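What follows is a single structure, written as structure tokens, with notes after it.
The values are calculated or read from the model by the stated rules, or taken from the named source; none is laboratory data. Since this is a predicted model, take the numbers as computed values, not measurements. Quick note on the areas: whole protein, heavy atoms, side chains included, nothing else; ligands and nucleic acids left out. Shrake-Rupley method; radii C 1.70, N 1.55, O 1.52, S 1.80 Å.
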Amino acid sequence: MRHLISSLQNHNHQLKGEVLRYKRKLREAQADLSKAQESQKEMKLLLDMYRSAPKEQRDKVQLMAAEKKAKAE
């Protein structure tokens, strides 16, 4: 009987450890999701600003982006 109780206590302890690991992974995933959503909002704002800009400014922005990319390479 004591062996059974001890075995169940060990198993319970292991399960609690796994629960803590999954909770930590969930928090990390939620933080990553939050960052991704924030990034998505920023990109959407930039896209909306780009779309609302006159064609001359859009061309200038594309040229600047191409120059920046060339410098990075």
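Key figures
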{"quantity": "Among residues of the stretch 1-40, those that are within 10 Å of the chain's Cα centre (by Cα), open to solvent by less than 100 Å² (accessible area, probe 1.4 Å) and polar (S, T, N, Q), counted", "calculated": "3"}
{"quantity": "Test result for residue 43, open to solvent by 100 Å² or more (accessible area, probe 1.4 Å) and over 30 Å from the mean Cα position of the chain (by Cα)", "calculated": "no"}
